[in-house]
Amino acid sequence: MNRKTKQIVYNILDTDEYAREDDLYLTMKVIEKMLNYNYGTAFGVILQGMKYNGISFESITRHRRKWIELHPEIEIKATEKRQDEELVYHMEYARR
């Protein structure tokens, strides 16, 4: 396990609102900071780098959940936004 993961995840979540809602985006940002890969790098190479550096998807999402638990006011905003999007989806695609 990489001990820098928590600090990097918390720094990203403090500054990037979209990372609070999307685990894959957050994972991409963490990998970008920790492994210094660019967008053209093959996915297999990135996964090998994660394995050798002790980075896991589970640890990143676990740190995100803990960060949200420590910042309950942010979770409310994300929940409200999600509810609004669900309402729009139901209004547009629900059977009449």
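Computed from the coordinates by the stated procedures, all read-outs in this text should not be read as laboratory data. Given the structure is predicted, the values throughout are model-derived calculations rather than measurements. Counting neighbours? That spans all protein chains shown, and the Cβs are built from the backbone with ideal geometry, glycine included.
Summary of computed values
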item: Close Lys-Lys pairs in the chain, where close means Cα under 26 Å and separation is 8 or more or interchain; result: 19
item: Ranked packing of 7-13, 40-46, most packed first, by mean Cβ within 10 Å; result: 7-13, 40-46
item: Over the chain, relative contact order from alpha-carbon pairs under 8 Å, at least 6 apart, %; result: 33 percent
item: Crossing angle, helix 72-93 versus the chain [Cα axis fit, 0-90 degrees, rounded to tens]; result: 60 degrees
item: Approximate shape of the chain as ellipsoid semi-axes (Cα gyration tensor, √5λ), whole Å, largest first; result: 30, 18, 10
item: Degrees separating the helix 5-15 axis from the principal Cα axis of the chain, which is the longest one; result: 40 degrees
item: Rounded tilt (10° steps) of 23-35 against the dominant C-alpha axis of the chain; result: 20 degrees
item: Residue-count net charge about A19 - beta-carbon cut-off 10 Å; Lys, Arg +1, Asp, Glu -1; result: -3
